[in-house]
């Protein structure tokens with residue numbers, strides 16, 4: 001038969017074992033949430049950095065495109081280019097910017113010709129070595 005002294009020892013042992021198990025569970029839970037927070041924070045930072053870098057490269061591409069197209073538009077507006085030279089500059093823009101699908105020079109109504117209300121001449125990228133022209 002178990003004496004009262006052994007009953008107390010067993011009950012204290014069970015309480016201590018329970019407290020150890022609860023302590024370990026809390027420790028594991030805290031470690032899990034700390035790890036999850038660290039991973040989430042690092043991933044968010046990586047995504048923010050990646051997004052900033054991508055936006056910066058897009059900005060540089062568009063800035064170069066704006067400078068090039070503004071130069072072409074200024075030369076056309078000042079009457080420095082004929083249609084053949086406009087087509088040549090359009091082809092050069094496409095060749096210099098590999099991500100360009102094409103370049104389209106569109107004129108305001110009746111600006112290209114008094115007989116033509118609207119005029120636009122897109123020059124699309126190369127297809128089998130040839131530039132394609134489309135009349136709009």
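Points worth noting:
- For the residues 5, 63, the requirement of being assigned to a helix (DSSP H, G or I) and exposed (fewer than 10 other Cβ atoms within 10 Å of the Cβ) singles out 5.
- In segment 75-102, the residues that are in contact (Cβ under 8 Å) with a residue 24 or more places away in the chain reach residues that are surrounded by 10 or more Cβ atoms within 10 Å (Cβ to Cβ) and assigned to a loop (DSSP other than H, G, I, E, B) with C-beta atoms within less than 8 angstrom, at least six apart or across chains, in these pairs: 93/100; 94/100.
- Among the residues of segment 70-90, those that are crowded, with 16+ Cβ neighbours inside 10 Å and part of a helix (DSSP H, G or I) comprise 72, 76, 86, 87, 89, 90.
- Condition check for residue 43: outside the structural domain of residue 98 (by TED's automatic domain parsing) and in contact with a strand residue (DSSP E or B) (Cβ under 9 Å, 6 or more places away or on another chain): no
The values are calculated or read from the model by the stated rules, or taken from the named source; none is laboratory data. Predicted model only: the values in this text are computed from it and were never measured. So basically every Cβ, Gly included, is an ideal-geometry build from the backbone, and we count neighbours across all protein chains shown.
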